[in-house]
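Undergrad: Provided herewith is a single structure, encoded as structure tokens, for subsequent inquiry.
What follows is calculated from the coordinates using simple rules that are stated; it is not laboratory data. Quantities reported herein were computed from a predicted structural model and do not represent experimental measurements. Note: ideal-geometry Cβ built from the backbone for every residue, glycine included; neighbour counts use all protein chains shown.
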Amino acid sequence: MEKTPERSDMVSKGKGKTRTKKTKSKTSSPASVVRVSGRLANLLDHVKQALYHEGLTYEELYRRMQEKLPAWEPEKLERDLKRCLGNNISFNFKKEMWQMDKSGNPGNDPFYQYLMTMGYPVTFRELLSLAQENGLGSTVVREQDFAYDGRFIRLKNGKWALTYWQVVWEVGTQELNQAARLIQKRQGPVSINYLAQELLGLGVSETNLAHALSKDTRFLEVAPGQWYLKSLLDALIADLSAPDEFAFIRQVEINALQEAELMLIIEEADASRREYILSSWDLEKGVLRLSKRMIEIFEPIDRVAYLKVATGNGELGVWFLKEQKYLAGLGPWFEEYGLEPGSKVEVSPSQEPGYIELKPSREREAEVFAEGLRVKKLVKLKKECSVTPRPLEEVCTEILQLYPKGLDLDTLGTLVGLIAGTHREELLDLLEHHPYFEQDKQGTWYCNLTMRQAYLDWQKERQEILASLESYRQQVAVTTEEFNTLYEIKTSLEEELAYLQDHHRHEEALFQAKIEELSATNEHLTLENNRLKNEYALLEQKQQELLEHVEHQGSQLVTLRTEKNKLKVKLEQTENRAMQLQSTLNQLMEDAQREVDRLKKEVVSKTHQLESLQYANKELQRNLARLHEERRQMKRQATSWPVRILMFFSGLMDRRKTIGG
């Protein structure tokens, strides 16, 4: 994944965003870590928390985001992370590391103090209400401002918290039930990282999943970070501890196995390795039995542990059960290497913790193999009979084939009852009625395979002869039945022939009379036919005349259609002309209406002017009355005629000026 070219682009973006220096806000340092239950809203909030305490390189930050959000696709995570770092002004790139400005926007300081004091997340509306209660209602703050402030993070439920708070998803009963179903489905221990990713889509550090699993009695940590259902482990232990149905027949194999293991102990030289001889029961259950010398090489492992074994198809998980003294879950490994009873396996602890090494040996104990193979075939036969029941004779024969030296009646009866589920009486009846089951003087039963084959061949030939005889009998019966049927048909046909002969004579006389009657009718119909032909000729002539008339009417119809089309064209032209005249008339009406509106406006304007002139005239008359009054007063006051003349001329000049204005 090449990140260097894109990182240079993001650096330039980051520098462009942070050119303007901001005044550092005086915010209090966190007093203590606050634990909050919830989930962060988006990638931006995860990045804020990651960069809050220390700067990180892009590679470190990307790796940490992968741990926090394992469910995200790598391409989408890388694309969104680059967009987040480049578009948010709270992030800057210095000294080859991404860092976050923790001073934030000074306008958000009151809200930072509110959250620090309360100690729990609240919505943006609740923060605004607190601001109004404290007299900061005039402050203009948008919720988007918190996204560009490194001190604030947003939760999935829409509430805001502080970046230094520890946000942890509290796992509930529903998630634990889902985890139980997931483990049940996989039928094996599951890592806690896988559970967190599948159930919550988060990293383990973002949840309290580990604590919740440890408190739930259904779950058990079988290895560091590996969890399993206690019920499944109990079921495995119960299966291994169940009584062995074939224990009575395995005793010979166990004796041979103990002798071979004794020789291994004597020849053992390396204390860090142990050789183990497989029994049929080991292969059936997929386990290694842990004797005291085997447990020594696994010390100090807990009483229950989940270990890993390297195989050709990857790693295989196996269970170390110290109390039950088993190493379980090795069935696939046994099948991969084709191991049989008596095969030797070298067991040793691996240098890597949690792993063990198993190596199959080419050596095999012959006696253990022979006895174990018999038991293995018996177990296989029991499974086959449980699926598809088989005849008792076949079951008994296969058991005795495995033991050429024979079996006593008790052992044979126990095996047959265990495999086929039959009683001893049925077995005795079978043994006595089949000659190839033989018993010696000591009471041991054998199966004479040669005699059995001859007996089966004789039975087969007998069945074939009986089948042929039955076939012949059926053929004779069918032939007899067919003969009786044909005889009955012959008798019936003879009776029917006699009846038909008598009936034919009567019918012949009737037909002769009918023929004569039909001849007379034929002559009458011939005459009627000639008359109808004449009428048909007249009708054809009339039809010809009508066709000629129809052709004439058709030509007239064509002429009328032509005239109709011409009139339709003229009508369309007239309609178009009418539409043009209508549009012209509408235009003239609109122009006339506009002219009327203009004239009305001029009339209104002239009316206002006339009113103003009337008002001015009234003012002039009042002024003239006042001047005449002043003139009379001045005349009374003037004593000499020159003064009167002067006042007369001045009054006359004033009057002219007033009239002119």
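Undergrad: Would you please give the residues with an amide H less than 5 Å from that of Thr207, counting only those at least 5 places away or on a separate chain, with H modeled from the backbone geometry?
TA: Here the answer is Trp169, since their amide H atoms fall under 5 Å of that of Thr207.
Undergrad: If the reach is capped at under 18 angstrom between alpha carbons, list the aspartates and glutamates near Lys159, excluding any in the same chain fewer than eight residues apart.
TA: The reachable aspartates and glutamates, counting only those whose Cα sits under 18 Å from Lys159, are Asp45, Asp109, Glu126, Glu143, Asp145, Asp149, Glu170, Glu206.
Undergrad: A follow-up question, please. Determine Rg/Rh for the stretch 136-253; Rg is computed over alpha-carbon atoms and Rh is the Kirkwood hydrodynamic estimate from the same atoms. All intermediate terms of the calculation are to be shown ahead of the outcome.
TA: On the way: Rg = 23.7 Å, Rh = 18.1 Å.
Rg/Rh: 1.31.
Undergrad: So which trypsin sites (Lys or Arg not before Pro) in the stretch 296-375 are both in a DSSP loop and have at most 10 other Cβ atoms within 10 Å of their Cβ?
TA: On the way: sites: Arg303, Lys308, Lys322, Lys325, Lys344, Arg362, Arg364, Arg374; in loops: Arg303, Lys322, Lys325.
Listed in order of number, the matching sites are Arg303.
Undergrad: Still on this model: Which value, in nm² and rounded to one decimal, describes the direction-averaged projected area of the C-alpha convex hull of the stretch 208-288? Numbers along the way, then the final one.
TA: Details: hull surface 31.2 nm².
Dividing the Cα hull surface by four gives the mean projection, 7.8 nm².
Undergrad: Using modelled amide H (1.01 Å from N, peptide plane; none on Pro or chain starts), what sits under 5 Å from the amide H of Thr311, excluding residues fewer than 5 places away?
TA: Sorted by chain and number, the residues that satisfy this are Leu316.
Undergrad: As a quick test, which of the pairs Lys68/Lys215; Lys230/Lys325; Lys230/Lys382; Lys322/Lys359; Lys82/Lys156 have an alpha carbon distance above 20 angstrom in this structure? Display every interim value, and only then the final one.
TA: On the way: Lys68/Lys215 23 Å; Lys230/Lys325 18 Å; Lys230/Lys382 31 Å; Lys322/Lys359 22 Å; Lys82/Lys156 22 Å.
Table pairs above 20 Å Cα-Cα are Lys68/Lys215; Lys230/Lys382; Lys322/Lys359; Lys82/Lys156.
Undergrad: With a cut-off of 8 Å between alpha carbons and a minimum separation of six or more residues, what is the relative contact order of the chain in percent? Write out the running numbers ahead of the final one.
TA: Details: 628 pairs, mean separation 47.6, N = 661.
Worked out over the chain, it gives 7 percent.
Undergrad: Rounding to the nearest 10 and keeping the result within 0 to 90°, find how far the Cα-based axis of helix 641-660 lies from the longest principal axis of the chain.
TA: Value to nearest ten degrees: 30.
Undergrad: Right, something else. Lys606: which lysines have alpha carbons under 27 Å from its alpha carbon, excluding same-chain residues fewer than 8 sequence positions away?
TA: Here the lysines satisfying the reach criterion relative to Lys606 are Lys618, Lys657.
Undergrad: Let me check the size of the stretch 291-432 from its C-alpha atoms; what are the radius of gyration and Dmax in Å?
TA: Spelled out, the Cα radius of gyration and Dmax of the stretch 291-432 are 20.2, 64 Å.
Undergrad: Only Cα pairs under 8 Å and at least 6 apart count here; give the relative contact order of the stretch 193-259 as a rounded whole percent. Working shown, then result.
TA: Values: 29 pairs, mean separation 9.5, N = 67.
Computed over the stretch 193-259, the figure is 14 percent.
Undergrad: Grab the eigenvalues of the alpha-carbon gyration tensor for the stretch 160-199, scale each by 5, take roots, and send me the semi-axes largest first in whole angstrom. Each step should come with its number before you reach the end.
TA: Details: eigenvalues 150, 25, 7 Å².
Equivalent ellipsoid semi-axes, largest first: 27, 11, 6 Å.
Undergrad: Additional query: Counting only GluC sites (Glu not before Pro) that sit in a DSSP loop (anything but H, G, I, E, B) with at most 16 other Cβ atoms within 10 Å, what is the longest stretch of the chain containing none of them? Can you show the working numbers first?
TA: Values: sites that count: Glu2, Glu54, Glu96, Glu170, Glu245, Glu268, Glu323.
So the longest stretch without any such site is 324-661.
Undergrad: Oh, and also: If you average 1/r over every pair of different alpha-carbon atoms in the stretch 491-621 and take one over that average, what Kirkwood value in Å do you get? Don't skip to the answer; put the middle values down first.
TA: On the way: mean 1/r = 0.0367 Å⁻¹.
It is 27.2 Å.
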